[in-house]
Each structure stands twice: as structure tokens, then as C-alpha cells.
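See below for the structure under consideration.
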Amino acid sequence: MYIYTFACRPEELSLCHLEMRTLFGAESPNHILISPRAVEPDRSPFMRERLEVLYEGDTLTGILEQVRSIAMNEATFKVIFVKMNDLAPSHKIEFDEQRIIERSIGMHIEGEADVHNPDYVFGIMTLGGRWYFGNYIKSKAVWLHHMDKPRNYSIALTTRVARAIANIAVPSPAGVTAIDPCCGIGTVLIEALSMGINIVGRDINPFVVRGTLENMAHFGLNGDVTMGDIGDVTASYDAAVIDMPYNHYSRTTQEDQSYLLQQARRIAARVIVVTAESMDELIADAGFTIIDRGTVRKGSFLRHIIVCS
């Protein structure tokens, strides 16, 4: 069993919940999720940490008795109190008490503690009136490093949004192929490739393709990116991301949008449509069924993320 904690801005809440539903089959209003599914915290831009539960009990004393069985041998360890919980404000565990709990658990573990560079990190948290203890992993927020790209556009997806979209498109990467046929400067490609997703890119604009390749090389990522129209794609993929072309001066016509959707349905079984305007009717006309959706806002600019099959 795993316990995950999440954090997002109000304008990202809908997208965060969509990613939760896709990765775990459930969402959590308090941003704490218990699941049997093992997902690396670095995958999600909204995931803060993961606790792999080793012991649980109704009381902290019960946890202390259980951790006595841990023998670290030559390895060092550290215990962290996970701050997110569902306690009412009147029952909040203050900082000093958190440190006392950490030290108390550490004293019951046979081994050497190292708060600076431990071999293992354990976490302790309370949730639903019970206590949980286990292996702790904190997200490294890989997407933050991808903000520093040589080529960038003001209207491009943010790295946080792009990473969530890559997860929604390919929640289980093993054996799955994907394509981003309107890849722009490669924001989704970079996030997907950094997570080990087997994805290729394509764009009709040669200058954009060069920018994509430059951005990928900057982060040491290798991937297949070609220039050309989506209509020239002959291979089939398990998933596709269609970020509808948009800028402040011109938009694709309804005919262009319909063409992109029809071609996406031809080449992929699962398609994530990213659009700045509602196009449910066009999506239905292309033969898709909408199975889930979310939104994300940047200022006054709203993007719809629509999961189609």
C-alpha cells in the first residue's frame, strides 16, 4: 500500500484531479491518496511525496513496537514526519511534537541515524485516525529543470501542464507507443521522454522542429522528431497528444481542427486533445468518445484537456 500527497495551485486543480484519476483510478479532495499502485513521485508535477507502508496501527505506540523489528545492519537511516494529514486544526501536531515523534521512532530502530545523508529515509504520518510508517520518497520536481529551455514560446504549455498531459496520455509506459504530431517546441516531448515514455514528435513547421531538437539536446534527450503533416503519418500508436495550434493573432479554422482530429483518430487509439476552446461536437464528429476531461487556467487563458478514445 502506498500513500501519496499532492499540491497544486487553484487554477490547476481540475488538471491535478484528472491526472490522479488517470494514474490511480481515483481522486482525493484532501490531496492525500491511498493506493495499491506504485507510481514514482517524480512523474507527477503535483505529487509531493510517497510513503510505501511497512507498518500501520491505531496508535503511535503500536508503530513503535513494530519498528523494533527493523535492523539496519551497516546502513544509516533518517525518520521524517509527513506534514500533510487530515487532522482538524484543533488536533494539529506542532513542529516540536513532530521532532519528538521522529526521535522516538529512531530510538526504536536498531541502527545508526544520519539526518544529513542517510542510506534510507523512513516516513511517519497519521491519516484517518491511524498511523502509518514506511519507506519515504520525496519528489525531485524534475519538471522544474525543464523550464530552462534554449527555445521557448509564451503560448507554449508550461512544463507542469505538459508533464501532467504526458502522464494522462500514457499512464503506464511499458510497451506503449505515443506520438505528438503537433509538437511545437517539444514541451510535451521533453516531459514524456524524461519519464521513459516511448514517444515521437512531428510538426509541419521546419523552424519549430529545429527548436524542438535544440531543446531536447539541451537536456540530453534523444528522440525521433520529423517535419511533416499529420496526414503523412503511416504508423499506428497507442496514444497521441494533439495540442491544437493557437496564438493571439490567428487560430486554426474549424476545417483544420476537424482534419487534425480525424487524422489523430486514424493513427492512435487514445488521444489527448488540448484546446483553448470547446470542440466537443468536432470531437464527436471525428468518431471519438470523450472519457474524461479537465481544465487548467493561466491568467485569463483557459485550456481544456480532453481524453478521447
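A few remarks follow.
- Mean Cα-pair separation over length for segment 104-143, i.e. relative contact order, pairs under 8 Å, 6 or more apart, %: 27 percent
- Inter-site label distance for ARG210 and GLU56 at 7 Å from Cα along Cβ, in nm: 5.7 nm
- Per the Debye calculation on segment 142-308 with a single equal scatterer at every Cα and no solvent contribution, log₁₀ I(q)/I(0) for q = 0.08, 0.13, 0.14, 0.19 Å⁻¹ amounts to -0.20, -0.56, -0.66, -1.32.
- According to the Kirkwood relation over distinct C-alpha pairs, the hydrodynamic radius of segment 37-146 is 14.9 Å.
- Given (1) 6, 30, 39, 21, 3, 0; (2) 6, 25, 29, 19, 13, 8, 1; (3) 6, 27, 36, 24, 7, 1, 0, the label whose value is P(r) over Cα pairs in 10 Å bins from 0, in percent derived from this model: (2)
- Value of [θ]222 nm, deg cm²/dmol, for the chain, DSSP H segments ≥ 4, -39500 (n - 2.57) each, nearest 500: -8500 deg cm²/dmol
- Value of relative contact order over the chain, rounded to a whole percent, pairs C-alpha under 8 Å and six or more apart: 16 percent
- Separation of alpha-carbon centers, segment 61-111 and segment 138-197, rounded to whole Å: 36 Å
The numbers here are math on the coordinates, done by the rules we state, and not lab data. This structure is a prediction, so every number in the text was calculated from the model and none was measured. Virtual Cβ from ideal backbone geometry, glycine too; neighbours counted across all protein chains shown.
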